[in-house]
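Trainee: Before I ask anything, here is the structure I am working with.
The values are calculated or read from the model by the stated rules, or taken from the named source; none is laboratory data. All figures in this text were calculated on a predicted structure; none of them were measured in a lab. For neighbour counting, all protein chains shown are included, and Cβ atoms are generated from backbone atoms with ideal geometry for every residue, glycine included.
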Amino acid sequence: MTLRAISIDQAARLFTIVRDSFFAWTVPEVPFLLDSLGWTLTLEIPRTGAIADTGWGVPGAEAELLYRDRTVESAMIYATSRASDEPADRFAVLDVFESLCAVAARVLGPMSAVIPGDVPRVQWRGRLATATIKNVGIGVLIDWCRNEHQDFNDSIGRY
């Protein structure tokens, strides 16, 4: 199996919206956010979350939104298909991670944190939200979340 990933242009568009968005992290604003991203809501569970099709043409590349009551806590975005156990796929995950970090740095500016370890992560913290690119070994995830949610995750050691 060959790893598939979002394109550089798709990533740049996503990071531009992350940078420029005035998203207030409320559930009623989700349709407007999805529309600006060109995503389609595929499932919503009230007060729990939603799943959106990103339309990127990458198998499994969807976005999972986590709700807490009427607040959107985070959007976990799958930027790749699931890597196989083949070395070529695992090395491709590293290449995608590096490429997405470079695109994010061009759009978002200097990274605010680089976290090595079992799940290497790079973060860009803005005024209201944090964007994190994660290498989870079998793929690359982009987590866009409220700063309060990121702080909570950091406090309990959650990636």
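Trainee: Among all residue pairs at least 6 apart or on different chains, which show Cβ distances below 8 Å where the first residue, located in the stretch 1-16, is more than 14 Å from Leu37 (Cβ to Cβ) and the second is surrounded by fewer than 22 Cβ atoms within 10 Å (Cβ to Cβ) and among the acidic types (Asp, Glu)?
Mentor: Met1/Glu86; Met1/Asp89; Thr2/Asp89; Leu3/Asp89
Trainee: While we're on this one: Filter the stretch 30-54 down to the residues that are in a loop (DSSP other than H, G, I, E, B) and closer than 17 Å to Ser81 by Cβ and list them by number. Lay out the reasoning, then the answer.
Mentor: Taking the stretch 30-54 first, the residues in a loop (DSSP other than H, G, I, E, B) are 38-39, 46-48, 54.
Within the stretch 30-54, Thr54 is the sole residue that qualifies.
Trainee: Here is a further query. Please go through (1) β-branched (Val, Ile, Thr); (2) under 22 Å from Ile6 (Cα atoms); (3) surrounded by fewer than 21 Cβ atoms within 10 Å (Cβ to Cβ) for Thr132 and return the number of the only condition it doesn't satisfy.
Mentor: It is condition (3) that Thr132 fails.
Trainee: Consider Arg70 against the criteria (1) touching a residue at least 24 places away in the same chain (Cβ under 8 Å); (2) of a type in the set (D, E, K, R); (3) within 17 Å of Ala12 (Cα to Cα): it satisfies all of them except one. Which criterion is unmet?
Mentor: (3)
Trainee: Can you tell me which residue is modelled with the lowest pLDDT among those in the stretch 109-130 that are hydrophobic (A, V, I, L, M, F, W, C) and over 14 Å from the mean Cα position of the chain (by Cα)?
Mentor: Leu128
Trainee: If you don't mind, another one. Restricted to the stretch 1-29, and to residues that are crowded, with 19+ Cβ neighbours inside 10 Å, of a type in the set (A, V, I, L, M) and part of a loop (DSSP other than H, G, I, E, B), which residue is nearest to the chain's Cα centre (by Cα)?
Mentor: Restricting to residues being crowded, with 19+ Cβ neighbours inside 10 Å, of a type in the set (A, V, I, L, M) and part of a loop (DSSP other than H, G, I, E, B), the top hit is Ile6.
Trainee: Just a yes or no: is a residue in the stretch 131-138 closer than 21 Å to Thr54 by Cα, touching a Ser or Thr at 6+ places or on another chain (Cβ under 6 Å) and modelled with pLDDT of 95 or more? Steps first, please.
Mentor: Within the stretch 131-138, the first condition is being closer than 21 Å to Thr54 by Cα, and the residues that meet it are 131-136, 138.
From the residues that got through so far, the ones that are touching a Ser or Thr at 6+ places or on another chain (Cβ under 6 Å) too are none.
No, because not a single residue in the stretch 131-138 is closer than 21 Å to Thr54 by Cα, touching a Ser or Thr at 6+ places or on another chain (Cβ under 6 Å) and modelled with pLDDT of 95 or more.
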